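Enquirer: Below you will find the structure I want to go over with you.
The values are calculated or read from the model by the stated rules, or taken from the named source; none is laboratory data. This one's a predicted model, so the numbers in the text were calculated from it and none came from an experiment. Every residue, glycine among them, receives a Cβ derived from its backbone with ideal geometry; neighbour counts consider all protein chains shown. All accessible areas refer to the heavy atoms of the entire protein, side chains included, with ligands and DNA or RNA removed. Shrake-Rupley method; radii C 1.70, N 1.55, O 1.52, S 1.80 Å.
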Amino acid sequence: MQAISATLLQAATQWGSQPVVSLDVRDERPRWQQLRTGTASGQVSQIVVALSTLVRARVTSAGLSIARVNQPALGGEEWVTWVTQHSLPLASSDVAVTVVGSYSSSTNCRVFFLSAAGSAASLKATESGNGFLSTSSTAATVAENQSQAGWLAAANECVFYGANGSALRVWRKPWSGGSWSEGSAWPAGTMGTCYGIGACWDPVNSRVVVLAARDGAVTGALYDPAADVWSQIEQLAPGGAAGAGAAASYRLPSVCYAGDRIVAAWVEALNVAGLRSQPVSCEARVYPHFGGETALDLRGGSALGRPNLAYRWNAYQVYAADEGSACMRTRFGGNPGAAQQALDLSPAAYALHADTQGSRLTLRLPNQDGRFNTLGAAGSAYEALKTHSTLLLRRGYQTAAGGETLTLAPHYILSARLLEDAGGGWLELEAGDGRALLGRWQAGEALSWENRTIRWLLEELCARAGISYSDNGAAMLGNTLARYTLPLGSSALEGVRDLLRLAGSVALMRSSGLYALPTADWVNASPAEFGANDEIHRAAYTCAAPEATARVLYGSLVEGCAEDTALAMALGMRSLRARVDARITTSGWAGAAAQAELKLDKLAARCEALTAPLRPELELWDPVKVYGAAALAEGTARRITAIEERWDAATGKFETTVELGMG
């Protein structure tokens, strides 16, 4: 349960306290908008210099040229106003641009390209200390004897090179002094068939995020230039451990660091001519768990270029662009305006129903003056009211300390409708918690992972729907699955429920996202109390048979069991449930999972409900003790299996109904 002050708890356990209810709306979704369309005939790379100016580098048959875009959000001709630097690159060369030094202040830029050297190529760099405000006609050699068909990426002091049949290589050089030194090649061996590489500097962790499209799949790794150490290789697309299928490939990756997350993009191509070639973006708050995939409209011409990413730090803007087309999204943060948030709205009524399957929230806001008639429209005061925007509902009471509230776990708008009745106009919002978003994401292909912990898999599936994940470090969540598969068409929610069952845990939605709560830790929580102030308005008691009195779980050459003999004797029947799950590999794991399943089975043995003044601190699975209700066994252990909240300003109703199981 949430922490609650003594004054707020006192107000919440007696009738007649003055309710306080308000609503904030935050649009935190990765919503992109198209800025311009144009052709993509040459290779382009881009980076933001000194927080605000977008520097774009291009190689064509005419050589290397630079475009500086000071107002990229306008989508104007600055995007394609190219200034030639020199004609040293191969006409077919890839190109990479980077800032060297602090992202907040440095104007030191390098552009890398390949220059002909007989039948081979030299990797070269052109430098500018003022972000290419002035032209630069010279170039220094980084490395000789490279393939002319190589791919390039750069981040801070590093440049990366990859080509068919060779390892991905890295060179590093400080801005002033020294010479180019080669670091260790990445640990995945040769590239096979290479379709592009991307890199960005992570200034928080002082490391480079490197993506490589090889053999049809996009893989990633982290590189520490100071220690010259690589992390293990992770496959990012297609998801899971299986390589790309014969009909599809993923190519032309790009990546940028955007404040508190890594944003990546690539082109998803179907190898059957003319059917599909789609740029997509995704993001990861925790590497390598990417999600929030979004299609990008960069179809300005017949050719499809790399969807180059760049982050404009001072405006919280992420740009994706090829040579002629560009899209933009604004990350939530800084000082968001009406486009991203609406604060302190006053609902006239709301109803919440949360149970083990999910949570639904319905709110009604007065619209007699028509203020919400343009909700979601660009430029309106309530532009942030869009599907999947986040609702943060605060509920509480007026106390001696002022208006004290607690915030409900985030819910996400599923629908919004305008109503008219005798009372005037209304806006009605329907929302679900994070499990609703998990249910909406479905696997477009069978996803399989090998030798991953349950915790890692839960974080991966939650990220797919843009939901954060956390737990208390329980050992059960650290169990490793030799292979885990989410079938085609299955939702992330189905996968999460399956994994939680394997870990003997249940889902709890909090402000931080999905929290995995092991049932073994239930004994550690202090109970909430009802009835000490005679505040229970209604109470009901139902006695029923438990789902089971014993559980047997057969794993891979192991088994575990759990049994409540006292419950079986009282029932006059041994109700045994058994199942097989070969993914479980130790008897301790099987026994703990069986204990958890039996604990959930026993909740049905006693089903109670009570209504009291609204209790904002309560969450699912909280332990509860009840006093003073004649229909209920006083003081015995219970656990919350469902919560309903109701607020109606017209009638003054402000109450909580909880359903309780035998806990």
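Enquirer: Between residues in segment 582-601 that are closer than 18 Å to Arg497 by Cβ and of a type in the set (D, E, K, R) and residues that are assigned to a helix (DSSP H, G or I) and modelled with pLDDT of 95 or more, which pairs lie under 7 Å by C-beta distance while being six or more apart or on different chains?
Expert: Partner pairs satisfying both residue conditions: Arg583/Leu502.
Enquirer: Within segment 41-51, restricting attention to residues that are open to solvent by 20 Å² or more (accessible area, probe 1.4 Å) and assigned to a strand (DSSP E or B), which residue is nearest to Glu283 (Cα to Cα)? Spell out the reasoning first.
Expert: Step one: filter segment 41-51 for residues open to solvent by 20 Å² or more (accessible area, probe 1.4 Å), giving 41, 43, 47, 50-51.
Cutting the leftovers down to assigned to a strand (DSSP E or B) gives us 43, 47.
On the way: Gln43: 24, Ile47: 18 Å.
Among them, the one singled out is Ile47.
Enquirer: Then there is this: With closer than 29 Å to Ala409 by Cβ, β-branched (Val, Ile, Thr) and in contact with a Cys (Cβ under 8 Å, 6 or more places away or on another chain) as the only criterion, which of Val506, Val552, Val523, Val496 stands out?
Expert: Working: Val506 fails: in contact with a Cys (Cβ under 8 Å, 6 or more places away or on another chain); Val552 fails: closer than 29 Å to Ala409 by Cβ; Val523 fails: in contact with a Cys (Cβ under 8 Å, 6 or more places away or on another chain).
After applying the criteria, what remains is Val496.
Enquirer: Here's a follow-up. Please specify each residue of segment 205-244 satisfying the condition of being open to solvent by 40 Å² or more (accessible area, probe 1.4 Å) and either touching a residue at least 40 places away in the same chain (Cβ under 8 Å) or assigned to a strand (DSSP E or B) (or both). Explain how you work it out, then say what you get.
Expert: Going through segment 205-244, the residues open to solvent by 40 Å² or more (accessible area, probe 1.4 Å) turn out to be 205-207, 214-215, 224, 226-229, 232-233, 235, 241-243.
Selection gives Arg207, Arg214, Asp224, Asp228, Val229, Gln232, Ile233, Gln235, Ala241, Ala242.
Enquirer: May I pose another question? Would you mention how many residues in segment 545-591 are under 41 Å from the mean Cα position of the chain (by Cα) and of a type in the set (A, V, I, L, M)?
Expert: Here is the first cut: in segment 545-591, the residues under 41 Å from the mean Cα position of the chain (by Cα) are 545-564, 576-591.
Add one more test, that the residue is of a type in the set (A, V, I, L, M), and what stays is 545, 548, 550, 552-553, 557-558, 562, 576, 578, 580, 582, 584, 590.
The qualifying residues number 14.
Enquirer: Right, something else. Go through segment 346-384 and report how many residues are among the aliphatic types (A, V, I, L, M) and at pLDDT below 95.
Expert: If we filter segment 346-384 for residues that are among the aliphatic types (A, V, I, L, M), which is where we start, we get 348-349, 351-352, 354, 361, 363, 365, 375, 377-378, 381, 384.
Next cut, at pLDDT below 95 only: 375, 377-378, 381, 384.
Residues meeting the conditions: 5.
Enquirer: Right, here's the next one. Quick check on my filter: what residues within segment 374-413 are of a type in the set (S, T, N, Q), within 24 Å of the chain's Cα centre (by Cα) and open to solvent by 30 Å² or more (accessible area, probe 1.4 Å)? Explain how you work it out, then say what you get.
Expert: Step one: filter segment 374-413 for residues of a type in the set (S, T, N, Q), giving 374, 380, 387, 389-390, 398-399, 405, 407.
Applying the additional criterion that residues be within 24 Å of the chain's Cα centre (by Cα) yields 387, 389-390, 407.
Matches in segment 374-413: Thr387, Thr407.
Enquirer: So for segment 501-515 (the condition being under 26 Å from Glu659 (Cα atoms), touching an Asp or Glu at 6+ places or on another chain (Cβ under 8 Å) and aromatic (Phe, Trp, Tyr)), does at least one residue qualify?
Expert: The answer is yes; a qualifying residue exists.
Enquirer: I'd like to know if segment 170-177 contains one or more residues that are open to solvent by 50 Å² or more (accessible area, probe 1.4 Å) and within 22 Å of Pro307 (Cα to Cα).
Expert: no
Enquirer: Turning to a different aspect of this structure: If you check every pair at least six apart or on different chains, which have Cβ atoms under 9 Å apart with a residue in segment 408-433 that is without any contact (Cβ under 8 Å) to a residue 24 or more places away in the chain and of a type in the set (D, E, K, R) first and a residue that is open to solvent by less than 20 Å² (accessible area, probe 1.4 Å) and not in a strand (DSSP E or B) second?
Expert: Listed pairs, sorted by first residue: Glu420/Asn367.
Enquirer: If I ask for residues that are among the aliphatic types (A, V, I, L, M), open to solvent by 10 Å² or more (accessible area, probe 1.4 Å) and touching a Lys or Arg at 6+ places or on another chain (Cβ under 8 Å), which ones from segment 245-261 would you list?
Expert: Correct list: Leu252 only.
Enquirer: So in segment 413-452, with the set limited to residues that are part of a strand (DSSP E or B) and basic (Lys, Arg), which one is modelled with the lowest pLDDT? Outline the logic, then answer.
Expert: Of all residues in segment 413-452, those part of a strand (DSSP E or B) come to 413-421, 424-432, 442, 447-452.
If we keep only those that are basic (Lys, Arg) as well, we get 417, 452.
Details: Arg417: 94, Arg452: 97.
My answer is Arg417.
Enquirer: If I filter segment 52-64 for residues that are among the polar types (S, T, N, Q), in a strand (DSSP E or B) and open to solvent by 10 Å² or more (accessible area, probe 1.4 Å), do I get at least one hit?
Expert: Within segment 52-64, the first condition is being among the polar types (S, T, N, Q), and the residues that meet it are 52-53, 60-61.
Narrowing further to those that are in a strand (DSSP E or B): 53, 60.
Subset that is open to solvent by 10 Å² or more (accessible area, probe 1.4 Å): 53, 60.
Yes, there is a match, as at least one residue in segment 52-64 is among the polar types (S, T, N, Q), in a strand (DSSP E or B) and open to solvent by 10 Å² or more (accessible area, probe 1.4 Å).
Enquirer: Can you tell me which residues in segment 342-368 are open to solvent by 20 Å² or more (accessible area, probe 1.4 Å) and in contact with a Gly (Cβ under 8 Å, 6 or more places away or on another chain)?
Expert: Arg360, Pro366, Gln368
Enquirer: Now for a separate question. Is it true that some residue in segment 513-528 is in contact with a Pro (Cβ under 7 Å, 6 or more places away or on another chain), more than 21 Å from Leu352 (Cβ to Cβ), open to solvent by less than 30 Å² (accessible area, probe 1.4 Å) and assigned to a loop (DSSP other than H, G, I, E, B)?
Expert: no
Enquirer: Pairs only if they're at least six apart or on different chains, beta carbon under 9 angstrom, first in segment 623-641 and among the polar types (S, T, N, Q) and open to solvent by less than 50 Å² (accessible area, probe 1.4 Å), second at pLDDT 75 or above and assigned to a loop (DSSP other than H, G, I, E, B); list them, first residue then second.
Expert: Thr641/Thr356; Thr641/Leu620; Thr641/Trp621
Enquirer: Something else now. Go through segment 529-562 and give me each residue that's open to solvent by 80 Å² or more (accessible area, probe 1.4 Å) and polar (S, T, N, Q).
Expert: Step one: filter segment 529-562 for residues open to solvent by 80 Å² or more (accessible area, probe 1.4 Å), giving 529, 533-534, 537-538, 541, 543, 547, 554, 557, 559, 561.
Selection gives Asn533 alone.
Enquirer: Also, I was wondering about something else. Under 6 Å by Cβ, and 6 or more places apart or on different chains, what pairs join a residue from segment 17-40 that is more than 30 Å from Gly76 (Cα to Cα) and outside any strand (DSSP E or B) with one that is open to solvent by 70 Å² or more (accessible area, probe 1.4 Å) and not β-branched (Val, Ile, Thr)?
Expert: From segment 17-40, the pairs are Gln18/Gln398.
Enquirer: Is segment 176-198 home to any residue that is charged (D, E, K, R), outside any loop (DSSP other than H, G, I, E, B) and under 32 Å from the mean Cα position of the chain (by Cα)?
Expert: no
Enquirer: What tally of residues in segment 87-141 results from selecting those that are assigned to a strand (DSSP E or B) and open to solvent by 20 Å² or more (accessible area, probe 1.4 Å)?
Expert: Start the filter on segment 87-141 by keeping residues that are assigned to a strand (DSSP E or B), which leaves 95-99, 109-117, 120-128, 140-141.
In the following step, the residues that additionally are open to solvent by 20 Å² or more (accessible area, probe 1.4 Å) were identified as 116-117, 120, 124, 127, 140-141.
Of the residues in that region, 7 qualify.
Enquirer: Right, next: Could you list all residues from segment 255-277 that are modelled with pLDDT of 75 or more and over 18 Å from Tyr316 (Cα atoms)? Don't jump to the end; show me each part of the working.
Expert: Start the filter on segment 255-277 by keeping residues that are modelled with pLDDT of 75 or more, which leaves 255-269, 277.
Matches in segment 255-277: Trp266, Val267, Glu268, Ala269, Ser277.
Enquirer: Still on this structure, I have one more. Restricting attention to segment 613-639, which residues are at pLDDT below 95, in contact with an Asp or Glu (Cβ under 8 Å, 6 or more places away or on another chain) and not in a loop (DSSP other than H, G, I, E, B)?
Expert: Listed by number, the residues that qualify are Val624, Lys625, Val626, Arg638, Arg639.
Enquirer: Separate question: Looking only at segment 28-40, which residues are open to solvent by 30 Å² or more (accessible area, probe 1.4 Å) and either under 21 Å from Ile467 (Cβ atoms) or in contact with an Asp or Glu (Cβ under 6 Å, 6 or more places away or on another chain) (or both)? Walk me through how you get there before you give the answer.
Expert: Let us first name the residues in segment 28-40 that are open to solvent by 30 Å² or more (accessible area, probe 1.4 Å), namely 28-29, 31-37, 39.
Glu28, Arg29, Arg31, Trp32, Gln34, listed by residue number.
Enquirer: Separate question: Which residues, taken from segment 148-165, are of a type in the set (S, T, N, Q) and open to solvent by 50 Å² or more (accessible area, probe 1.4 Å)?
Expert: So in segment 148-165, the residues of a type in the set (S, T, N, Q) come out as 148, 156, 164.
Gln148, Asn164, listed by residue number.
Enquirer: Please specify each residue of segment 198-247 satisfying the condition of being within 18 Å of Gly291 (Cβ to Cβ) and among the polar types (S, T, N, Q).
Expert: Thr219, Gln235
Enquirer: Please state which one of Ala339, Ala431 is under 28 Å from Cys282 (Cβ atoms), open to solvent by less than 10 Å² (accessible area, probe 1.4 Å) and under 23 Å from the mean Cα position of the chain (by Cα).
Expert: Numbers: Ala339 fails: open to solvent by less than 10 Å² (accessible area, probe 1.4 Å).
So the residue among Ala339, Ala431 that is under 28 Å from Cys282 (Cβ atoms), open to solvent by less than 10 Å² (accessible area, probe 1.4 Å) and under 23 Å from the mean Cα position of the chain (by Cα) is Ala431.
Enquirer: Hey, can you tell me all the residues within segment 514-547 that are of a type in the set (Gly, Ala, Ser) and modelled with pLDDT of 95 or more?
Expert: Initial filter on segment 514-547 (of a type in the set (Gly, Ala, Ser)): 516, 520, 525-526, 528, 531-532, 539-540, 544-545.
Hit for segment 514-547 is Ala516, nothing else.
Enquirer: Open to solvent by less than 10 Å² (accessible area, probe 1.4 Å) and farther than 30 Å from Gln398 by Cβ, is that true of Val25?
Expert: Working: open to solvent by less than 10 Å² (accessible area, probe 1.4 Å): yes; farther than 30 Å from Gln398 by Cβ: no.
When the stated conditions are applied, Val25 does not pass them.
Enquirer: Restricting attention to segment 453-482, which residues are among the small types (Gly, Ala, Ser), in a helix (DSSP H, G or I) and surrounded by 22 or more Cβ atoms within 10 Å (Cβ to Cβ)?
Expert: Scanning segment 453-482 gives a single hit, Ala463.
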